[in-house]
Structure formats: structure tokens, C-alpha cells
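The values are calculated or read from the model by the stated rules, or taken from the named source; none is laboratory data. Small disclaimer: the values here were computed from a predicted structure and weren't measured. Please note: Cβ atoms are built from the backbone with ideal geometry, for glycine as well, and neighbour counts cover all protein chains shown. Surface accessibility is based on the protein's heavy atoms, side chains included, excluding ligands, DNA and RNA. Shrake-Rupley method; radii C 1.70, N 1.55, O 1.52, S 1.80 Å.
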Amino acid sequence: MFNDIGPLELLTLVVLAVLVFGPDKLPKVIQDVTRTIRKIREFSDSAKRDIREELGPEFKDFEFEDLNPKTFLRKQLDNDELGLKEIRNGFDLKKEMAEVTEAVQSADEPSSGSAAAASSGSAPAKIDMQKKPEKPAADDHPPYDADAT
């Protein structure tokens, strides 16, 4: 519950409690708070026990923590009945990228069919896959838009 309270924060809370309640009333306040927390825990445990008894034997493995949406989703996604582990393992991004890179590099290199065409005397056509900006002609002017000015 208080896992993220550091020593300096705890010391600040103690000093603040001494200032607010006074050193003579502080032990009584601490006893009252601990008694209240104990009663709340007992009430919670008895409510959980009553709910389990009312649900019956078919819900004997029911846990209240499973009602938390994060826990429920994590439990369902780890369940092997759906086959999600196979799907997750089927996606190998590095393998896919290597295949794409290999396909692009092999497209840049002349294949055996174009090597045969080169040996027969015709020049192989190499495809340029780089995008180059088009240069406008010297007498071309950009269009004038009267509404834009």
C-alpha cells in the first residue's frame, strides 16, 4: 500500500502527526487507526468468504484479483487455448526485414535472364529505383494564383 513512500516522506509524516495531534495524544490516534484498518480487513475477508460460499463449488478457483481488467487480460493472453503464442512467435520482424532487404538487393543486381540477354549483345535495362526531383524547363514559371495573394 505504501511501497513508494521514502524515508524523508515518512519522517515528514511523523513530524506532521506530532504537530497536529501532539505527543500525548499521538499513541491513542495510532491505536485507533490500526484498530480501524484491522476491522476493515476483517470485514473484507469475511465478505470474500461469504461470496465464495454463495458461488458454490464450481467457482472454487475464483480469485477476486481476476476481476482487475489488467490481470484478466494478462491471464487470457497467456492462455494457450487461443493459440496466441503461436501467432506471436510467427511474427519475426528481423526475419521479415532481412527478406525484404534481400529482395530489394536482388532486384538491383542483374539476374541470369538479363545476363543471357547481355551475352547476346543487347544491353540490359537497369531500373533506377531512386526518386529524383524533376527539374522545370528554363521558360516554365510556377502557376500564378490570384486568390492566394
Between residue 74 and residue 38, what is the label-to-label distance in nm when each label sits 7 Å out along the Cα-to-Cβ direction? 3.2 nm
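Please find the FRET efficiency linking residue 66 to residue 13, where r is the Cβ-Cβ separation and R0 is fixed at 25 Å, and quote it to the nearest 0.05.
0.15
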Find out how many positive minus negative residues lie around residue 41, taking Lys and Arg as positive, Asp and Glu as negative, among other residues whose Cβ is under 14 Å from that of residue 41. +3
If r is the Cβ-Cβ distance from residue 47 to residue 4 and R0 is 22 Å, what FRET efficiency results, to the nearest 0.05? 0.20
If you roll a 1.4 Å probe over the heavy atoms of the protein chains, what accessible area per residue do you get for region 2-67, in Å²? 91 Å²
Cβ-derived FRET efficiency at R0 35 Å, residue 100 paired with residue 145, nearest 0.05: 0.25
I need the phi-derived Karplus couplings for region 11-20: 6.51 cos²θ - 1.76 cosθ + 1.60, θ = phi - 60°, integer Hz, Gly and Pro marked x. 5, 4, 5, 5, 4, 5, 5, 5, 5, 6
Compute, for region 1-74, the length of the dipole vector about the Cα centre, with Cβ point charges of +1 (Lys, Arg) and -1 (Asp, Glu) only. Units Debye, rounded to 20. 320 debye
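Pairs 75/95; 70/94; 94/135: which are spaced more than 32 Å apart, C-alpha to C-alpha?
Where the Cα-Cα span goes over 32 Å, the pairs concerned are 94/135.
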